[in-house]
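Structure first, commentary second.
Please treat every number below as a calculation from the coordinates, not as lab data. Just so it is clear, the structure is predicted and the values come from calculations on it, not from any experiment. Glycine gets a Cβ as well: all are built from the backbone with ideal geometry, and neighbour counts include every protein chain shown.
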Amino acid sequence: MADKTNKWMLSTVALSGVIIGVAIGLSISQLPFIKGNIAAGNVVQDQLDIPGTKPNRPAVEVPPVTDADWSRGVTSPKVTFIEYSDTECPFCKRFHTTMQQLLKLYPDDVRWVYRHYPIDSNHSKARKESEAMECAGEIGGNEKFWSYLDRLMEVTPANDGLDPAKLPEIAEYVKINKAQFVSCLRSGKFAQKIQTQVNDAQSIGADGTPHTVIITKDGTKYPLKGYVDVTALSNAIRPLLQ
């Protein structure tokens, strides 16, 4: 989530009636189970985006996954994660590792869909990084999109710490043609696609990053705000994988 506003950010997710509240900096995996639920800190009810619990908490609507999305994992998953992310957000950097680990734990059950949500007021470099990822995908397909994203998340210090000159270097590192990449990046051809995804994120109530929508096999959708470690996330989704 945008670091300027999140010194005491709470992350939440509801999965089939299971509510998870995470205070940033507190490892949820170390907290006790209470009647089958995971609890952390003082969860403020009004901060929980639980569909149907209040008039201002309608069911989550999110654009459906299509072939145009960048997707990782199985094509017929039991659980889908649609992540709206900002590559210069430190919590997104940490959550990226969580999702990498989760896919290794459940390679036959989970799908991870990445969408862009650069928050310009906090991270002015993130939008161009999003364009760089799209160029990587256009040139090298789904595999290169994810390779580029993985490497970018690995090398960025976050909080606008990545030198834009590194973007072509990352392309070379993941074996993408540098000349094609630079030409694409200069064109700005993906600016509108990224803006559309920013608009989508805002329309579903994402007020920071990472913002993830978890979709079960029966189509039920739950929002997850912020960073959660892999132990907590694994514990939460395990009942959905039976």
Compute the length gained on full extension between Lys175 and Asp150: take 0.36 nm times their separation in residues and subtract their Cα-Cα distance, giving the result in nm to one decimal. 7.7 nm
Calculate how many DSSP beta bridges within region 63-230 are antiparallel, expressed in % of all such bridges and rounded to the nearest 5. 70
Flagged as over-length at 19 Å C-alpha distance, from Lys144/Lys217; Lys144/Lys166; Lys128/Lys221; Lys144/Lys175; Lys93/Lys125; Lys166/Lys193, the pairs are Lys144/Lys217; Lys128/Lys221; Lys166/Lys193
Long-range amide H partners of Val62 with built H, under 5 Å: none
Starting from the Cα gyration tensor of region 103-189, take the square roots of the eigenvalues, sort them a ≥ b ≥ c, and report rounded, prolate or oblate (rounded when a/c is under 1.5, otherwise prolate if a/b is larger than b/c, else oblate). oblate
Cα gyration tensor of region 84-140, axes a ≥ b ≥ c as square roots of the eigenvalues: rounded (a/c below 1.5), prolate (a/b > b/c) or oblate? oblate
I'd like the per residue volume of the convex hull spanned by the Cα atoms of region 63-230, given in cubic angstrom. 104
Suppose each label sits 7 Å from its Cα in the direction of the beta carbon; what would the Ala165-Lys189 distance come out to in nanometres? 2.7
